[in-house]
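Presented below is the structure to which this report refers.
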Amino acid sequence: MNLDLVPLGWLHSLACLIALATGAYVFATPKGTRRHRQVGQVFVASQVILNLTALGIYQLGIFFFPHVLAILTLVLIAAGWGSARLIRRHGIWKHVHLSSMILSYYLLIGGGVNEVFLRIDAMRELVSREGGQIIGLTHSVTLLVFLILLLAWNAAEIVRTLLRRRRRARLSAAQVV
């Protein structure tokens, strides 16, 4: 295993681990609670740190694709964090929040996939034996899982919203009678 990192790389790695843990917690626990908001803030802070530090890591000495993904993730985090502030007033922001956070977590996992193939000797040997298709296949499966999560969570939220509206309409009709 190759863990020959500069101090910025260690800070980046620590922020990645915190984002992985807090993101998983936020996705797996009830939404909208005080704990959700607190852990979500830690997720956002760690994502900001890891993506800003990613912009300072130049293993090849040039600005390239991972730097673009770091900027994209910062935009997603900003959209997700900002939309969380508007959820109570406008229900549509719930979908922006969910989508932004799921996509930012997907990009975190995708970066982790790349690091596994880059840093673990056995995985690097597998790539040299089998070719780069194994990395592409791993990314494809990861993307598929996250697209299913994205669609499922948004569909569930749409169904909950429709049921809530139907319930309110029935209550309003019962009060009129």
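Per residue, the solvent-accessible area of the chain (1.4 Å probe, heavy atoms of protein chains only, all protein chains present) comes to 64 Å². A full extension of the chain between His139 and Glu157 corresponds to an added length of 3.8 nm, given 0.36 nm per residue minus the alpha carbon distance.
Note on region 1-85: with neighbouring protein chains present and a 1.4 Å probe, carbon and sulfur make up 74 percent of its accessible heavy-atom surface. Computed on the chain, with alpha-carbon pairs under 8 angstrom and 6+ residues apart, the relative contact order is 19 percent. Annotation note: chymotrypsin sites (Phe, Trp or Tyr not before Pro) in region 1-101 located in DSSP loop regions with a Cβ neighbour count of at most 15 within 10 Å are Tyr58, Phe63, Phe64.
Determine the shape class of the chain: with a ≥ b ≥ c the square roots of the Cα gyration tensor eigenvalues, call it rounded for a/c under 1.5, and otherwise prolate if a/b is greater than b/c, oblate otherwise. It comes out prolate by the Cα gyration axes. Among the protein heavy atoms, those of Thr53 account for about 10 Å² of accessible surface (1.4 Å probe, every chain in place). Here the 3J(HN,Hα) profile of region 6-12, calculated from phi with Karplus coefficients 6.51, -1.76 and 1.60 at θ = phi - 60°, is 7, x, 4, x, 5, 4, 4 Hz, Gly and Pro shown as x. Ordered from highest to lowest accessible area with the whole protein assembly present and a 1.4 Å probe, Ser99, Ser128, Ser172 read as Ser128, Ser172, Ser99. Using Cα atoms only, what is the angle between the long axis of helix 92-119 and the major principal axis of the chain, expressed in degrees (0 to 90) to the nearest 10? It is inclined by approximately 20 degrees. Using θ = phi - 60° in the Karplus curve 6.51 cos²θ - 1.76 cosθ + 1.60, the 3J(HN,Hα) couplings for region 31-47 round to 8, x, 7, 4, 4, 4, 5, 5, 5, x, 5, 5, 4, 4, 4, 5, 5 Hz; x is entered for Gly and Pro. How many angstrom lie between the C-alpha centres of region 28-53 and region 125-143? Region 28-53 and region 125-143 have Cα centres separated by 30 Å.
The values are calculated or read from the model by the stated rules, or taken from the named source; none is laboratory data. All values derive from a computational prediction rather than experimental measurement. Cβ coordinates were reconstructed from backbone atoms using ideal geometry, including for glycine residues, and neighbour counts include every protein chain displayed. Ligands, DNA and RNA are excluded from the accessible area calculation, which covers all protein heavy atoms including side chains. Shrake-Rupley method; radii C 1.70, N 1.55, O 1.52, S 1.80 Å.
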